[in-house]
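As structure tokens, the structure follows; a few thoughts come after it.
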């Protein structure tokens, strides 16, 4: 089983972030300033040995690849930020490309949203916007991708590089652009491109045209959270906030898995979200199963954020065993996309921290071994 983990490159300074958020800004700024917002809230998260790394250091990226492979991770999916030729946070993947001794597979997800300040406040100011352009701009973008596609470590399916679009519904010229890229890939010796998407309005957009895509990634925990929020009782409880929570437990004799706290902080129960994931049935053959370590975006959003509670490495291992079997038996896929490798400010990371050490990575390895699906030992 190929577990591919989403990889955030925002752990080094760039001029734009220094301008927008202050000199020296990286994702570690958010991580370090986090505070517990309720009893038992696990914040701040501290990397093991206080390893607040800089992704401009090749040794850091090599270390990440080494421990990922050691514990059975098949590859990284690097987020890519491209705004009509203007790039942000591109250096880590370029360092990766230049250093062939960094030995792990990888692919790219184009995070094609506008950059805004929405995670910091409610003003939703656009910092840099997307402009998809026309064929000239699409060719320019493809030429950048091509250097990675030609790398032996880049993930390909039947000689087609795997390219993920984060939110394809935002792209008005989607089909024309993807057709151009596919033609260019063939001209450059590939059999085309394998396109996948993470969000198409969470898979629920009516009349969507995903005909150019081979895969729809069930991006977790977003899908599982949406299922919980669609429950009418939970929406009712959200409107009338915490007071009804105690009353509901008395009347219905059940715990409420999603509750709202002061200033709209939301809490989700880890077990309920994973049960939502495990009971899902693929809509069609395009669906690819997802998984998640944890979730807590309060380092970014403070009390406007959301938190998953009651997660532990042992639970994670148990759920991963089941999801690996689901991938094989229900989805008929040999890969799972995992949130995430290093989303420290959103509570989704496999990298070791001061509390759990390497336990979440060990859980991955244990689950792969229990299912006889470790890609480095199988067969």
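The values are calculated or read from the model by the stated rules, or taken from the named source; none is laboratory data. Just so you know, these numbers come straight off a predicted model, no measurement behind them. A quick note on method: Cβ atoms are made from the backbone with ideal geometry, for glycine too, and the neighbour counts reach across all protein chains shown.
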Query raised in the report: Among the listed residues 54, 30, which satisfies the condition of being in a loop (DSSP other than H, G, I, E, B) and either in contact with a helix residue (DSSP H, G or I) (Cβ under 9 Å, 6 or more places away or on another chain) or under 24 Å from residue 219 (Cβ atoms) (or both)?
Result: 54
Requested in this report: Return only the number of the condition from (1) within 30 Å of residue 309 (Cβ to Cβ); (2) at pLDDT below 95 that residue 84 does not satisfy.
Outcome: (1)
**Report entry** Condition check for residue 342: buried (at least 17 other Cβ atoms within 10 Å of the Cβ), touching a strand residue (DSSP E or B) at 6+ places or on another chain (Cβ under 6 Å) and either at positive phi or modelled with pLDDT of 95 or more (or both)
**Finding:** yes
Report task. Determine whether residue 135 is touching a residue at least 24 places away in the same chain (Cβ under 8 Å) and within 25 Å of residue 5 (Cβ to Cβ). Result -> no
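Per-residue answers, yes or no, for (1) part of a loop (DSSP other than H, G, I, E, B); (2) over 17 Å from the mean Cα position of the chain (by Cα); (3) free of Cβ contacts under 8 Å to residues at least 40 places away in the same chain; (4) farther than 22 Å from residue 333 by Cα:
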residue	(1), (2), (3), (4)
78	no, no, no, no
94	no, yes, yes, yes
109	no, no, no, no
141	no, yes, no, yes
145	no, yes, yes, yes
151	yes, yes, no, yes
159	yes, yes, yes, no
Query raised in the report: Going by the conditions given, is residue 328 free of Cβ contacts under 8 Å to residues at least 60 places away in the same chain and either more than 18 Å from residue 42 (Cβ to Cβ) or in a strand (DSSP E or B) (or both)?
Result: no
Requested in this report: Scan segment 1-28 for residues that are buried (at least 16 other Cβ atoms within 10 Å of the Cβ) and more than 22 Å from residue 96 (Cβ to Cβ) and jot them down.
Outcome: 1, 25
**Report entry** Filter result (surrounded by 19 or more Cβ atoms within 10 Å (Cβ to Cβ) and modelled with pLDDT of 90 or more) within segment 213-244
**Finding:** 213, 215, 216, 217, 218, 219, 220, 221, 223, 224, 225
**Report entry** residue 312 vs. criteria at negative phi, surrounded by fewer than 20 Cβ atoms within 10 Å (Cβ to Cβ) and under 20 Å from the mean Cα position of the chain (by Cα)
**Finding:** yes
